[in-house]
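Please read the structure below before turning to the comments.
None of the figures in this text is laboratory data; all of them are computed from the coordinates on show. Note that this is a predicted model, so its numbers are computed, not measured. Counting neighbours? That spans all protein chains shown, and the Cβs are built from the backbone with ideal geometry, glycine included.
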Amino acid sequence: MESSNPKRQPMAPQEATRLLYKNWREKFALPLLIGVLVFGAIVLIPAVSASTSAVVDSIFITAYAITGLVAVIRFSYTIRMSVFLFAVYMLGLGELITHGVLGDSLIFFFAIIVFTTILLSPRAGIAVTGLNILTFIVFAYLFLNNYITPLNPFASPAKVEDWLSALGVIVMFGVVVILGFQRLEKEFLEAQKQIDATLNILTEERNNLENRVAERTLQLRKINDIGRQIATILDPDELLPKAARIIESEFDFYYTAFFLIDSSGQWVELIEATGEAGRVLRENRHRLDINGKSNIAAAIRLKEGKVMDAGSDQARTDNPLLPYSRSQLVLPLVVGESVLGAMEIHSTRENDFQQADVNAFQNMANEIAIALENSRLFREAQQSLAELQATQRQYLQGAWQTIADDHDLNYELGDSDTSASNEMEIPLILREQYIGQLQLVSATEWTPEQKSLVEAIASQAALALENARLVEESQSLAVREKTANEIIAKVWASTNMENILQTAVRELGRSLEATEVEIELSMDGGENEP
């Protein structure tokens, strides 16, 4: 079903100009008629008072009356202007009858040509000019053959030359006015066309600019979304495959690939690529010389993105497995001052990448590079943490194994009841290292709440045991350091070698409770040692 208010089609410049001119004329009609009534009354009253001709008075009064009638009653524009022009014609005719061709009638006849051309149209002006010529010819015939005489007895008699001169003036001024107005209207139309063309260009440019802004906004939104998704990935092996899939999905690209510089710094290796071409290239361990002429190598060396027509020979050399590529964008993966590798994007659309897009996509490449570096650092930190934890577990195991060997750390409470069948064993875990076990036996079944309570107590007991071990170890270390400091002080207090040796042997034997202590000074380098 069609809409009752269809969208209005834009008007042609000629139609718009005519409509503008028509609106101006219609707005000008009423002020014109009111002005004629006001100034006409000022002229009409003394003219009628001084006139001795009832015919002239009736013409003037009739013209004024019909002008007032169309000014008060809302007739159409055409009727109003026609009545007004007819009144002017009647005034000119009255002047012609009263004073002849040598009077003021030419002013009215010339005025009617001007008003008709301006207020109606140039064609109407041509018609009025013809009417004026016909009027002058008729009255010239009547006056020259004495069929009528001027009502003013003092009017100068006119000759044939005077009538011909008046006709010439009417024709000349009529042609000038009509042609001039037509020329003015034509120039106005041309100016309107130029304005309309300029407005169309500005409108088109504005629409193009709005479209470009919308496209760029959408592009930046997608890039920001990709950056947020990539930033959450901490696994380097997962990051690049997911980044390639997201980029290809968001922008509908034909091919996306990531290259990283190897440990030698001589080659850039393909790590991840989409599509069948990417699979083949990965299986073939595709790599490029970083000092070569490829676009990827150039982007890495120069640390700047590169846009090119992917249908060129250079692009086909870089990727012969991508026959449908029409646009290519290569971006370095930069973190600070370091370059990790490059990202390569292909599109099946012509000129899909512009130079203005390089900065936006370079920000995306930088975010991927930062995420890649963060994931690498995270993995290294995880590995270091795992090594530290393994070392700590080994240390704890050795420390508690020593304690277990030296002491009997098995404690029991309660009576051994062989009839009890509900047994609960909770391991004592300290930093993921098993150091013991808590065993409980009951005649009734253990509830989940009881089991949670025992687990919590076991966890705190393991921490308390470790704290006690550390305290004992610290105290033992403090005692050893104190003993060592005391022995050292006594050794330094001795004044000769014999006293020093005697003091060292005596104090070491006493502190360590050794049965025999011997110090031997020899230059044999330990050859006599057993």
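Points worth noting:
- Total lysine pairs in the chain at Cα distances under 23 Å, for residues eight or more apart or on different chains: 9.
- Crossing angle, helix 160-231 versus the chain [Cα axis fit, 0-90 degrees, rounded to tens]: 10 degrees
- Between helix 13-50 and the chain there is an angle of about 40 degrees, using the helix long axis and the longest principal axis of the Cα atoms.
- The angle separating the long axis of helix 497-512 from the principal Cα axis of greatest extent in the chain is about 80 degrees.
- Residue order, fewest to most surrounding Cβ atoms within 10 angstrom, among 24, 267: 24, 267
- Every helix of 4 or more DSSP H residues in the chain counts as -39500 (n - 2.57), and over all residues that averages to -23000 deg cm²/dmol at 222 nm.
- Of the residues 492, 163, the one with the fewest other Cβ atoms within 10 Å heads the list, and the complete ranking is 492, 163.
- Answer label for Cα Rg over 2.2 N^0.38 Å (calculated), chosen among [x] 2.37; [y] 0.96; [z] 1.05: [x]
- With an a/c value of 1.5 or above and a/b not larger than b/c for the gyration tensor axes a ≥ b ≥ c computed over the alpha-carbon atoms, the stretch 71-133 is described as oblate.
- Loop-located trypsin sites (Lys or Arg not before Pro) in the stretch 344-396 (DSSP state other than H, G, I, E, B) with a sparse environment of at most 15 neighbouring Cβ atoms within 10 Å: 349.
- Sorting the segments 236-245, 469-478, 328-337 by their mean number of nearby beta carbons within 10 angstrom, highest to lowest, gives 328-337, 236-245, 469-478.
- Three-way shape label, the stretch 235-380, alpha-carbon gyration tensor, a/c 1.5: rounded
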